[in-house]
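Novice: The structure is given below, and queries will be raised subsequently.
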Amino acid sequence: MTTNTYLIKEGYDNLKKHGSKTFSTMLIICATMIVLGIFIILLQNVNKNVETVKKEQGFQAFISDAATETEIDYIKDSIQIIQGVKDIKYIDKDMAFEDAKSVFSGQEYLLEGLQKVKPFPASFVIKFNDINDASVIKTQVEKVEGITKVKYNEATIEAVITISNIANIFLLGLGTVMLIVSTFIISNTIKLAVYSNKREIYIMRYIGATNSFIRKPFIIEGAIMGLLSALISFVIISIGYVVIYARLPKVGTSLGIFGFMPYSQLWYQVLGIFVLIGLFVGIVGSAISIRKYLKV
Amino acid sequence: MIEFSNVNKKYDHDVVALEDINIKIEKGEFVFLVGPSGSGKSTFLKLMVKEEEATSGSIIVNNTNINKLKQKDIPYLRRKIGFVFQDFRLLYDRTVAENIIFALRVVEATEKDIKYQVKSVLELVGLSGKENFYPNQLSGGEQQRISLARALATKPPIIIADEPTGNLDPKTADEIFKTLLDINARGTTILVVTHAKDIVDGLNKRVIALDHGKVVRDDARGGYVK
């Protein structure tokens, strides 16, 4: 057995020796991780849908009724070469009228008599690659000759960005609180383990154990606790999400707009974050507890 | 091997524990350190293993000036000194062999060394065949032998025994000292702090007496009292 294998074994033995305390600590860590996991999953879903909205958002540039076909082609070309424009679609007056009809569905009588006049102007629907370029693109489109007005749904876009930012900040805050609480809990448990091994530590110091030799078993104990908690929480949250996902209506998803992500796109993120957090709280928590016993 | 030159140690509130100590112990010597409680014996030992810092003066242990020793090097100094305590300081949830293995793991001994050393030190202290016993299944004298075996396992050039027979009956105490003499005969420097008057008188070894933090006597061959 090498020294490291021995220290790992000591860490594992410590864990078993303090069985009930280990169990209750892991229970609390699991509970906090599961809460965090739920928010990670919700945020991932929010972010994904925000991305969808961002992509779908565009603006409408209206054209004067007097514009000839050549002028319309010129406008189209002028818009297409603007940097950041992803897609451009022409809506003529007929299509605009049809769109209006769908908006007034059930109250078509309101549009009666307007069939011949076609009062709605032709327009281009412009989509862009990156939401952040929206205002620059808007200014450039406005400068194109023949464009009468640009309707840009700033309110929607800003709301979407705000929601996404708030959700991200909230998760960051929650994650920080969770990290502190879990580190504190593990640190307390290890403190008890250190205390019950006080005699060993004292003897070790007299025999000539280095600080790292004394520290390692406790760090390993903390790391195992954190890692096990992470894996248990991962299994619970995975089962939970898969079961709930199976019962969710899939209308949104099939339309390509709002909808929940399948777990196959999420599990590795949840697992990765849990494992990192588990190891972090385990290692840092035990390092804090053992520190004062290493002096002298 | 051990050299204290003009060593002073003051604790908080100017409590003087040791004053102008000059002691030189050569390699292979067997030395008794005697004196009443509070005379500075424990402080002397603590300074040797750098559990306490001297207020002034220089201390050399095994060719190392420990005044200059960095915190991270203290463990390596302690590996050169085997400690035997009055209360044995054993791990009672581990067997005799495991208590010794514990010490060997600390100094990161190889598997081969561990096997060899456990057998060899248990033979030396007369505990062969008791490897798998737990300390509580053995007598006080045998427990002190485990402690001695543990101190010897890492082959330190110096053994410090702090009241090694304080908790033992006279017959057992005699046996422990016989073992210490055996170890000394193999070249290990031994420093024993003790109140065991009969033993000190009977062995006629070097005796250093401390009182109120000062060396009051250093006889090459002496008794417990002058």
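The values are calculated or read from the model by the stated rules, or taken from the named source; none is laboratory data. Here the structure is a predicted model, which is why all the values come from computation and not from measurement. With ideal geometry, Cβ positions are generated from the backbone for all residues, glycine too; neighbour counts draw on all protein chains shown. In case anyone asks, the SASA skips ligands and DNA or RNA and just uses the protein heavy atoms, side chains included. Shrake-Rupley method; radii C 1.70, N 1.55, O 1.52, S 1.80 Å.
Novice: What does the charge count around B:Lys130 come to, taking other residues whose C-beta lies under 10 Å from its C-beta (Lys +1, Arg +1, Asp -1, Glu -1)?
Specialist: That sum, taken over residues with Cβ under 10 Å, equals -1.
Novice: When only C-alpha pairs under 8 Å and at least 6 residues apart count, what is the relative contact order of chain A, in percent?
Specialist: 31
Novice: While we're on this one: Let's see if you can work this out: charge +1 on each Lys and Arg Cβ, -1 on each Asp and Glu Cβ, no other charges. What is the dipole magnitude of the protein assembly as shown about its Cα centre, in debye to the nearest 20?
Specialist: Using only the charged Cβ atoms, the result is roughly 1880 debye.
Novice: Return the aspartates and glutamates within reach of B:Lys197: Cα separation strictly under 14 angstrom, same-chain partners fewer than 8 residues apart disregarded; answer none if there are no such residues.
Specialist: Cross-link targets: B:Glu163, B:Asp169, B:Asp174.
Novice: How big is region A:58-152 in terms of Cα radius of gyration and Dmax, in angstroms?
Specialist: 14.5, 43
Novice: With the convex hull built on the Cα atoms of the protein assembly as shown, state its orientation-averaged projected area in nm². List each step's numbers first, then the result.
Specialist: On the way: hull surface 152.2 nm².
Over all viewing directions, the protein assembly as shown projects a mean Cα-hull area of 38.1 nm².
Novice: Something else now. Rounded to the nearest 10 degrees, what's the angle between the helix A:93-103 long axis and the longest principal axis of chain A, both from Cα atoms, 0 to 90?
Specialist: 50
Novice: Counting other C-beta atoms within 10 Å, and keeping those with at most 15, which DSSP coil GluC sites (Glu not before Pro) do you find in region B:26-115?
Specialist: B:Glu26, B:Glu51, B:Glu53, B:Glu108
Novice: Next question. Using the alpha-carbon centroid of each, what span in Å lies between region B:173-226 and region B:94-135?
Specialist: 27
Novice: What does the charge dipole of region A:58-152 about its Cα centre add up to, to the nearest 20 debye, if the Cβ of each Lys and Arg holds +1 and the Cβ of each Asp and Glu holds -1?
Specialist: 240
Novice: Run the reach check for B:Lys27 against lysines, Cα to Cα strictly under 18 Å, same-chain hits fewer than 8 apart removed. What comes back?
Specialist: Here the lysines satisfying the reach criterion relative to B:Lys27 are B:Lys80, B:Lys155, B:Lys205.
Novice: Let me ask you something else. Given A:Gly240, A:Ala66, A:Val125, which one lies farthest toward the positive end of the charge dipole of the protein assembly as shown, if we put +1 on the Cβ of every Lys and Arg and -1 on the Cβ of every Asp and Glu?
Specialist: Selected residue: A:Gly240.
Novice: Let me ask you something else. What value in Å³ per residue do you get for the convex hull of the alpha-carbon atoms in chain A?
Specialist: Measuring per residue, one finds 185 Å³ for the Cα hull of chain A.
Novice: Also, quick follow-up: Using a Gaussian network model on chain A with a 10 Å cutoff between Cα atoms, which of A:Ser196, A:Ser286, A:Ser233 fluctuates the most?
Specialist: Most flexible of the set in this elastic network: A:Ser196.
Novice: Compare B:Arg206, B:Arg89 by solvent-accessible area with a 1.4 Å probe and give them largest first, with all protein chains kept in place.
Specialist: Values: B:Arg206 30, B:Arg89 55 Å².
Descending accessible area places them as B:Arg89, B:Arg206.
Novice: Which lysines, if any, have their Cα less than 21 Å from the Cα of A:Lys48, not counting same-chain residues under 8 positions apart?
Specialist: A:Lys86, A:Lys127, A:Lys250
Novice: Another question, if that's okay. Quick one: net charge around B:Tyr11, please, counting Lys, Arg +1 and Asp, Glu -1 for every other residue with C-beta under 14 Å from its C-beta.
Specialist: On the way: positive: B:Lys9, B:Lys10, B:Lys46; negative: B:Asp12, B:Asp14, B:Glu19, B:Glu51, B:Glu52, B:Glu53.
Surrounding charge for B:Tyr11 is -3.
Novice: Turning to a different aspect of this structure: Compute the FRET efficiency between B:Lys171 and B:Gln137 as 1/(1 + (r/R0)^6), taking r as their Cβ-Cβ distance and R0 = 22 Å, and round to the nearest 0.05.
Specialist: Result of the calculation: an efficiency of 0.60.
Novice: If you take the Cα atoms of region B:157-226, find Rg, then find the Kirkwood Rh from the mean of 1/r over all pairs, what is Rg/Rh? Don't skip to the answer; put the middle values down first.
Specialist: On the way: Rg = 12.1 Å, Rh = 12.7 Å.
Ratio value, two decimals: 0.95.
Novice: Moving on to the next point. Using +1 at the Cβ of each Lys and Arg and -1 at the Cβ of each Asp and Glu in the protein assembly as shown, identify which of A:Gln44, A:Ile201, B:Ile21 lies farthest towards the dipole's positive end.
Specialist: Positive-most Cα among the choices belongs to B:Ile21.
Novice: Checking understanding here: applying a Kyte-Doolittle mean of at least -1.0 and a length along the axis of at least 18 Å (C-alpha), which whole DSSP H helices in chain B pass?
Specialist: Numbers: long enough: B:111-124 (20 Å, -0.52); B:140-153 (20 Å, -0.26); B:170-185 (22 Å, -0.11).
Span-like helices in chain B: B:111-124, B:140-153, B:170-185.
Novice: Also: So if R0 is 22 Å, what FRET efficiency would A:Lys93 and A:Glu145 give, r being the distance between their Cβ atoms, rounded to the nearest 0.05?
Specialist: E(calc), rounded to 0.05, equals 0.65.
Novice: Residue farthest toward the positive end of the dipole of region A:163-296, with Cβ of Lys/Arg at +1 and Asp/Glu at -1: which of A:Met178, A:Gly222, A:Ile277?
Specialist: Highest projection toward the positive end goes to A:Gly222.
Novice: Return the whole-Å distance between the Cα centroid of region B:42-93 and the Cα centroid of region A:57-100.
Specialist: That distance is 87 Å.
Novice: Based only on the alpha carbon positions, what is the Kirkwood hydrodynamic radius of chain B, in angstrom?
Specialist: Result for chain B stands at 18.0 Å.
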